[in-house]
Amino acid sequence: MAGIVGWGCHMPRHRVKVEEIAKVWGADAQAYKKGLNVQEKSVPAPDTDTITLSVTAARRAVARAGVDPAAIGACYVGSESHPYAVKPSGTTVAEVLGATPECRCADFEFACKAGTEAMTVALRLVDAGEVTYALGIGADTSQGAPGDALEYTASAGAAAFLMGADNLVAECEHTYSYMTDTADFWRREYQYYPQHAGRFTGEPAYFKHVLGCAKGILDKAGLKPEDFAYCVFHQPNGKFPATVAKKLGFKKEQWEQGLLCPLLGNTYSGSSPMGLTAILDVVKPGDRILHVSYGSGAGSDGFVFRCTDRIAEVQKLAPQTRELLEGERFYLQYGEYAKFRGKIIMNVKGA
Amino acid sequence: MPSASYTREIPQRYRLEAGKCSSCGKIYYPPRLVCVCGGRDFETVALSDTGKVVTYTIIRVGPSDFVEEVPYGLGIVEVDGGVRLMAQLVDVPLDDIKTGMPVRLEFRKIYQEGEAGIICYGHKAVPA
């Protein structure tokens, strides 16, 4: 089966702390930090969007793969914050890489699991022999309404995976999807911020689908938690994925490497894929990884990857995810954050 | 509306493609049609995305598309291989910008043609 030949991650250097948001809304920062297990989140600068994050992540994936970008036959970006309503993000990414013009492209949307759907289609196109290499990207500059609980976590980042059939760093042994029509989180046309169903987003939505998908793929593969070196789940906050991991029987040393949310926030379509990049950065040949995403609406995609000997050769060929997460950061005050996220009503230029 | 000219400049804006004179080897970025040596044949070469700041200034009164970004650094960057180009210097405190500072060119939004127009992308320099 096809698999990953290169991976890349990117995130903004700007951050805002939970305390900074809480003091504006008169909220209890410690309660949010404890309740969500989130300390701070990434914030995209005004010159950063889903396309720019995707490009840098994809360049890093290509650098690790060491392939001619002209051989990339498909480029799929999954996001719920595509900069254009009409005009694909993927065309720009493919053009920057030099993958055009012989390249398939479409943007994917499925709340936070659009990235893993893009990864799945990229894998299957390679498996089908339609293309030599295909890019699957999950990226977002996610929005949360001011004062809403989402504002403490909605953040920005991207993960890119170049899929191929040869020279793999991780073979995809199994995939599985688990999906129902569940209205837990949505954004109607022309609405700026998403709405959510509060506590309904937990048990009937996130936990039902993530656990359903994880159990389904473990059954399909005939594998148990102890067969895996690492696991990573969608991270709407720092608590949900740890709860899922424990319910499934995974130990802390299996899930903590991929848990980025406490310092990164929820990067929506980039969330579990970025966690996967943090694992690929340190994994050893022969190790298995379980990856399960979640997208509201609602569904989960599951993957079982097994790493090859080549992975150790390419881990240092691009910046590693935890270096980006824990490296130099610039902390914003709420006013700067509001400006960066376009939350301030401005006069129209020239009016 | 400058969308058409922007689209024609995509190779240089997105992939840092320059023109290398087939006669004398001089590299031009952005590419041009005639070399100072008189040559008219150019090979397309991609510039390195790493280099150093040669000189810079701080923009405190910006042009209309950049007024919300002031103050910001604007520098001449010499990429590995010797070609020089102008780029905004971002993700760095203004006091930390120095000549000789190693930088990497990162893909960013440069400006947009109003709220309803196209978004124009290119490269900015970030600390390497």
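Each reported figure results from applying straightforward, stated rules to the coordinates on display, with no laboratory input. Keep in mind that this is a model prediction, so the values were computed, not measured. When we count neighbours, we look across all protein chains shown, and the Cβ atoms used for this are built from the backbone with ideal geometry, even at glycine.
Quick notes
- Cα gyration tensor shape of the range A:173-311, rounded if a/c is under 1.5, else prolate or oblate by comparing a/b with b/c: prolate
- Here the Gaussian network model covers chain A, with springs between Cα atoms less than 10 Å apart; of A:Val18, A:Val55, A:Val292, A:Val18 fluctuates the most.
- Relative contact order [Cα under 8 Å, 6+ residues apart], chain A, whole percent: 25
- Arranged from fewest to most other beta-carbon atoms within 10 Å of their beta carbon, A:Ser296, A:Ser155, B:Ser22 become B:Ser22, A:Ser296, A:Ser155.
- For A:Thr182, the residues 5 or more places off, or on other chains, whose built amide H falls under 5 Å of its own are A:Gly297, A:Ala298.
- Checking Cβ-Cβ separations below 4.7 Å across the protein assembly as shown identifies A:Cys9, A:Cys75, A:Cys103, A:Cys105, A:Cys112, A:Cys172, A:Cys213, A:Cys231, A:Cys261, A:Cys307, B:Cys120 as cysteines lacking any candidate disulfide partner.
- Prolate/oblate/rounded call for the protein assembly as shown, Cα gyration tensor, a/c under 1.5 rounded: oblate
- Shape category assigned to chain B from the gyration tensor of Cα positions, a/c cut at 1.5: oblate
- Using a cut-off of 32 Å between Cα atoms, the listed pairs A:Lys87/B:Lys26; A:Lys220/B:Lys109; A:Lys33/A:Lys246; A:Lys23/A:Lys316 include A:Lys87/B:Lys26; A:Lys220/B:Lys109; A:Lys23/A:Lys316 as exceeding that distance.
- Counting every other Cβ atom within 10 Å of each residue's Cβ, B:Phe66, A:Phe108, A:Phe228, A:Phe303 order from fewest to most as B:Phe66, A:Phe228, A:Phe108, A:Phe303.
- Computed [θ] at 222 nm, deg cm²/dmol, chain A (DSSP H ≥ 4; -39,500 (n - 2.57); rounded to nearest 500): -9000 deg cm²/dmol
- Sorted fewest first by neighbouring Cβ atoms within 10 angstrom, A:Leu317, A:Leu259 come out as A:Leu317, A:Leu259.
- Average partner coverage of B:39-47, which counts Cβ from other chains inside 10 Å: 0
- Phi angles of the range B:40-51 translate, via the Karplus equation with coefficients 6.51, -1.76, 1.60 and θ = phi - 60°, into HN-Hα couplings of 10, 9, 10, 9, 7, 10, 8, 6, 5, 9, 10, x Hz per residue; Gly and Pro are given as x.
- Residue by residue along B:119-127, Cβ atoms of other protein chains within 10 Å of the local Cβ number 3 on average.
- In sequence order, the range B:8-15 has phi-based couplings of 5, 8, 4, x, 7, 6, 8, 10 Hz under the Karplus curve 6.51 cos²θ - 1.76 cosθ + 1.60, θ = phi - 60°, and Gly or Pro positions carry x.
- Amide H within-cut-off set for A:Ala27, under 5 Å, with H built and near neighbours excluded: none
- Residues with amide H under 5 Å from that of B:Gln112, placed H, sequence gap 5 or more: B:Cys120
- Listed residue (A:Phe240, A:Pro225, A:Tyr190) projecting farthest to the positive dipole end of the range A:173-311, Cβ model: A:Phe240
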